[in-house]
Amino acid sequence: MAKQKQIEAIRLSDFPEEIDEKTGLKFYGETSYENQMAVLSQYLHNGSLEGNDTATKNQREEIIAAILEFLERKKSQHSDFEYDLSEDFASMVAENPGQYNLFEDFFNVPFPNPQRSKHTLIDLFAGIGGIRLPFNELGYKCVFSSEWDKFAQQTYFANFGEMPFGDITKESTKKHIPQHFDLLLAGFPCQAFSIMGKMKGFDDIRGTMFFEVATILERHRPQAILLENVKQLTTHDHGRTFKTILRILDELGYHVKWQVLNALDFGLPQKRERVIIVGFQSQSQIDKFSFDFTKKPHSLEKVLEKDDEVDPSLFASEMILAKRKKQTENKRVFYPSIWHENKAGNVSILDYACALRTGASYNYLLVNGKRRPSSRELLRLQGFPDNYKIAVSHGEIRRQTGNSVAVPMIREIAQKIDYILNMN
Ligand SMILES: C[S@@+](CC[C@H](N)C(=O)[O-])C[C@H]1O[C@@H](n2cnc3c(N)ncnc32)[C@H](O)[C@@H]1O
């Protein structure tokens, strides 16, 4: 009964509309090109108007408007674009998109959605899809994704052929989530933790991104969840923040297990500790899940490109080199290694990176003491395969990889979740 009350409180609540000014992440609204492309991607990958009586008039109009927008963009990019820009034509395309040779950008990608699949998922706070990627390999179909940063959306589109929807705090975004799906993925951001410890229940956590996850779980009740966050989430505010999260998951009917895992143990030359929460609706399913993994040796050699293959602008200035020389005078230097200067000015020289974080730390990472890591190396440090496309600037890749996850770590967890979901 008490549970029911809390759930009602969510439904009745007003949703705050937050834009993160501190991080500078941009919000792209409902009518943006990205949103139109999100509508179109979801339709091309998952929907069909033909014989689909459940597509409402509004959905139809939204899809036709998105196709028109898409055609207009194509026309502005290609002067020889032969297609008609009328609403009638857009509506014909909507009825049978496969007949027109227009949508290869949505399908001709390294990690396409499987045509048929046993299980479906949604990818929240999707970033560049590091959590989704291993599930793609296992044949899971993504039926909704959300990521509000325009550049991360570009990377995601180039690799999965799907433009994520924007701000998940908005009802206009959440309305695109299909009622039924099997698995919810979320590496939710942690900016709001500072206020979470004092919070006790559902109502209190409003305004945090975990509230968005909880709301979606309450409304859609997927069988399984996979949440990822920084290790500090477990200790923040003497553990109170994490306790709140676990309690709310329990109230929502999820049986969970959690563990702090380190990318270094999954074959990556990178120390990166993250808390992983796995949950199932049924106790017997979670009982079958364990965080037992065999440690894999890491190799920096496999990550590094040859110096003459990387952009010359990545090489450190004479001034930095001289400073590093001084800082490492009495240290044993071995190769290959990643040099990392901490805030106190001490340099550690290790065969792995001990900081691949967005922003500051990157400035202090030097490959073999000479140069900054390239975009491909940063992706490899997170375990992204080499056919993962780079579609944005190096600066954006730095930010995106810093925000992303160790793909091999998620891969091992994904295999275990898949094994359990296949038992049904
Ligand atoms: C920790 S990162 C997750 C990265 C992701 N797991 C990956 O593999 O790249 C959190 C992401 O949430 C996005 N984000 C933050 N607030 C959001 C919101 N209100 N709606 C949609 N995305 C949001 C950020 O732009 C960021 O990319």
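The values are calculated or read from the model by the stated rules, or taken from the named source; none is laboratory data. Please read these numbers as outputs of a predicted model, since none were measured by experiment. Don't worry about glycine lacking a Cβ; one is built from the backbone with ideal geometry, like all the others, and counts go over all protein chains shown.
Scan (1) within 13 Å of S145 (Cα to Cα); (2) at pLDDT 95 or above for the single condition N113 breaks and write down its number.
(2)
Looking at Q59, is it surrounded by 14 or more Cβ atoms within 10 Å (Cβ to Cβ), within 16 Å of the ligand (Cβ to nearest atom) and closer than 15 Å to Q36 by Cβ?
Answer is no for this residue.
Do we find a residue being at pLDDT 95 or above and assigned to a loop (DSSP other than H, G, I, E, B) anywhere in region 223-246?
So far as region 223-246 goes, yes, one or more of its residues are at pLDDT 95 or above and assigned to a loop (DSSP other than H, G, I, E, B).
Within region 133-164, restricting attention to residues that are away from the ligand (no atom under 13 Å from the Cβ) and in a helix (DSSP H, G or I), which residue is farthest from K389 (Cα to Cα)?
The residue in question is E137.
Looking only at residues in region 393-424 that are farther than 19 Å from F135 by Cβ and of a type in the set (S, T, Y), which one is nearest to the ligand (Cβ to nearest atom)?
Filtering first and then ranking leaves T401.
Could you check region 2-94 for helices (runs of 4 or more DSSP H) lying wholly inside it with 3 or more residues that are small (G, A, S) and at pLDDT 85 or above?
On the way: elements: 2-12, 33-46, 57-77.
Answer list for region 2-94: 57-77.
Out of all the residues in region 250-272, is one or more out of contact with any strand residue (DSSP E or B) (no Cβ under 9 Å at 6 or more places or on another chain), crowded, with 16+ Cβ neighbours inside 10 Å, at negative phi and not in a loop (DSSP other than H, G, I, E, B)?
yes
Identify all residues within region 276-296 that are under 30 Å from N368 (Cα atoms) and in contact (Cβ under 8 Å) with a residue 24 or more places away in the chain; write none if there are none. Give the steps one after another, and end with the answer.
Let us first name the residues in region 276-296 that are under 30 Å from N368 (Cα atoms), namely 294-296.
Within region 276-296, K295, K296 meet the criteria.
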